[in-house]
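Novice: Sharing a structure, written as structure tokens. Questions coming.
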Amino acid sequence: MDVNSQAAAIVKVLRRKGWTLSTAESITAGGVGVAITEVAGSSAIYQGGFITYSDVSKTKFLGIPKRVLTKYTAVSEEVAIAMAKSAREQFKTDFAISTTGVAGPGSAYGQKKGTVWIAIDSKAGTSTVQLALAGDRAQIRHATIESALATFSRILIP
């Protein structure tokens, strides 16, 4: 299923159930939010998102402690979880999706290009996915958006 179809299915289910969504994005720089808001009627479910591309913005806007970023780095399961939890709490939504990773061209934070973490947070708990993607920056970012939506779809539509 392509990004547009995944986003449309997500919006449809969230609207039907009366649930809301927020995002906290790093590697995708708002791409998940864009995919969701391209769907007509998404304003009923999408409350907003944070684009926290730098460590400073992750601390300032999401409240992720510097010690957590230092210990685990921005490209980690711990930070992906903290990003999603913060977005869900701040926007008071039922679900939040976060993305963090290395798009390249080189490595960062001691992680290889294509290393990505996605987290989906809800009151029921947090699910995470680690990816090892190949391609150029655009391909890695697009694959991260696709994977985030696909992961969330599997949670919503078992």
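The values are calculated or read from the model by the stated rules, or taken from the named source; none is laboratory data. Computed from a predicted model, the values in this text were never measured in an experiment. Note: accessible area is taken over every heavy atom of the protein model, side chains too, but ligands, DNA and RNA are not part of it. Shrake-Rupley method; radii C 1.70, N 1.55, O 1.52, S 1.80 Å.
Novice: Summing -39500 (n - 2.57) over the DSSP H runs of n ≥ 4 in the chain and dividing by its residue number, what mean residue ellipticity at 222 nm do you reach, to the nearest 500 deg cm²/dmol?
Specialist: Using -39500 (n - 2.57) per qualifying helix, the result is -14000 deg cm²/dmol.
Novice: As a test, work out the antiparallel percent of DSSP beta bridges whose residues both lie in the chain, rounded to the nearest 5.
Specialist: Roughly 60 percent of the beta bridges in the chain run antiparallel, per DSSP.
Novice: So, one more: Just need the relative contact order of the chain here, percent rounded to a whole number, with Cα pairs under 8 Å and 6+ apart.
Specialist: Once divided by the residue count of the chain, the mean separation gives 25 percent.
Novice: Roughly how many Å² of Glu146 are accessible to a 1.4 Å probe, to the nearest 10?
Specialist: Accessible surface of Glu146 is approximately 70 Å².
Novice: If you don't mind, there's one more thing I want to ask. Could you give the length gained by full extension between Glu77 and Ala124, i.e. 0.36 nm per residue of separation minus their alpha carbon distance, to one decimal place?
Specialist: 15.1 nm
Novice: Please report how far the C-alpha centroid of the stretch 70-132 lies from that of the stretch 10-37, rounded to the nearest whole angstrom.
Specialist: Cα centroid of the stretch 70-132 versus Cα centroid of the stretch 10-37: 15 Å apart.
Novice: To continue, here is another question. Can you give me the orientation-averaged projected area of the convex hull built on the Cα atoms of the chain, in nm²?
Specialist: Reported value for the Cα convex hull: 8.3 nm².
Novice: Report, ordered by chain and residue number, the aspartates and glutamates lying within cross-link reach of Lys58, taken as a straight Cα distance under 15 Å and ignoring same-chain residues fewer than 8 apart.
Specialist: Cross-link targets: Glu25, Glu77, Glu78, Glu89.
Novice: Turning to a different aspect of this structure: May I have the count of lysine pairs in the stretch 83-123 with C-alpha atoms under 30 Å apart, counting pairs 8 or more residues apart or located on different chains?
Specialist: Lysine pairs meeting the criterion: 4.
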